Amino acid sequence: AQKITQTQPGMFVQEKEAVTLDCTYDTSDPSYGLFWYKQPSSGEMIFLIYQGSYDQQNATEGRYSLNFQKARKSANLVISASQLGDSAMYFCAISHNTDKLIFGTGTRLQVFP
Amino acid sequence: DTEVTQTPKHLVMGMTNKKSLKCEQHMGHRAMYWYKQKAKKPPELMFVYSYEKLSINESVPSRFSPECPNSSLLNLHLHALQPEDSALYLCASSQGKWATNSYEQYFGPGTRLTVT
């Protein structure tokens with residue numbers, strides 16, 4: 001069975017600082033995709049970044065980067081230069097080339113001035 | 001354009017009512033999804049439509065009835081719901097599992113449903 005674990009229920013970061021949100025996963029399938037989503041209080045799930053299991057390089061999208069350590073089965077999200085608008089719930093998710101996304105329990109990030 | 005739209009934004013219904021949630025995307029995506037999300041929990045998959053055919057039903061009670069009239073539209077028909085069905089209902093779409101690159105799902109803003 002596939003599983004995603006986010007061990008940080010809440011994180012605080014000061015504006016303009018970088019923050020790392022942890023995500024570990026458990027799967028025996030060699031082919032999978034890892035995703036990070038942001039959910040502000042408004043409710044919409046916003047896709048941030050994707051990493052394929054065979055990708056050699058860590059994914060980056062603007063201020064978001066994914067620290068992918070395949071042997072450790074971790075896919076941590078790094079947000080650089082935090083902004084107040086980054087305050088939200090962040091979900092890590094895994095998919096095994098199916099239509100099913102399995103989400104972690106989420107980390108609530110709060111950015112303070 | 002990565003927009004998925006959902007209507008209504010909020011819905012309050014009684015346990016004997018019949019209502020429908022609507023979802024639309026114009027990204028040419030071939031897969032569409034319904035999720036249910038309770039407060040402070042991750043989204044839970046309910047249904048998946050792939051090429052307008054129901055491909056996954058996560059053992060959802062029959063009081064929820066999905067419908068995919070065409071490749072751009074997805075409905076969720078609600079009948080005889082219970083108060084515990086109150087939640088945020090999210091629609092999503094993607095290229096589907098046959099996509100050659102990433103197959104991320106794009107979500108709509110959701111419908112906040114309250115069953116009284």
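The values are calculated or read from the model by the stated rules, or taken from the named source; none is laboratory data. What you are looking at is a predicted structure, and each value in this text was computed from that prediction instead of being measured. As a convention, Cβ positions derive from the backbone with ideal geometry for all residues, glycine included, and neighbour counts pool all protein chains shown. Accessible surface areas use protein heavy atoms only, side chains included; no ligands, DNA or RNA. Shrake-Rupley method; radii C 1.70, N 1.55, O 1.52, S 1.80 Å.
At least 1 residues being within 25 Å of B:MET32 (Cβ to Cβ) is the threshold, and among the strands (runs of 3 or more DSSP E) wholly inside region A:30-113 those reaching it are A:33-39, A:46-52, A:88-95.
Residues in region B:83-101 include none that are farther than 23 Å from A:SER41 by Cα, facing another protein chain (nearest Cβ under 8 Å) and among the β-branched types (Val, Ile, Thr). The residues of region B:1-39 that are in a loop (DSSP other than H, G, I, E, B) and of a type in the set (D, E, K, R), listed by number, are B:ASP1, B:GLU3, B:LYS9, B:ARG30, B:LYS38.
Between B:PHE107, B:PHE64, B:PHE47, the distinction of being farther than 16 Å from A:LEU101 by Cα, buried (at least 18 other Cβ atoms within 10 Å of the Cβ) and aromatic (Phe, Trp, Tyr) belongs to B:PHE64 only.
Scan region B:16-69 for residues that are within 11 Å of chain A (Cβ to nearest Cβ) and small (Gly, Ala, Ser) and the total you get is 4.
When restricted to residues that are free of Cβ contacts under 8 Å to residues at least 60 places away in the same chain, over 21 Å from B:PRO42 (Cα atoms) and either in contact with a Lys or Arg (Cβ under 6 Å, 6 or more places away or on another chain) or open to solvent by 30 Å² or more (accessible area, probe 1.4 Å) (or both), region A:65-108 contains 6. Going by the conditions given, is A:SER41 under 13 Å from the mean Cα position of the chain (by Cα), of a type in the set (Ser, Thr, Tyr) and within 21 Å of B:PRO42 (Cβ to Cβ)? For A:SER41, the condition - under 13 Å from the mean Cα position of the chain (by Cα), of a type in the set (Ser, Thr, Tyr) and within 21 Å of B:PRO42 (Cβ to Cβ) - is not met. If you go through region B:1-26 and keep only what is hydrophobic (A, V, I, L, M, F, W, C) and either touching a helix residue (DSSP H, G or I) at 6+ places or on another chain (Cβ under 6 Å) or more than 23 Å from A:ILE102 (Cα to Cα) (or both), you end up with B:LEU11, B:VAL12, B:MET13, B:MET15, B:LEU21.
Over 25 Å from B:GLU3 (Cβ atoms) and either among the small types (Gly, Ala, Ser) or open to solvent by less than 10 Å² (accessible area, probe 1.4 Å) (or both): is that true of A:ALA18 in this structure? When the stated conditions are applied, A:ALA18 passes them.
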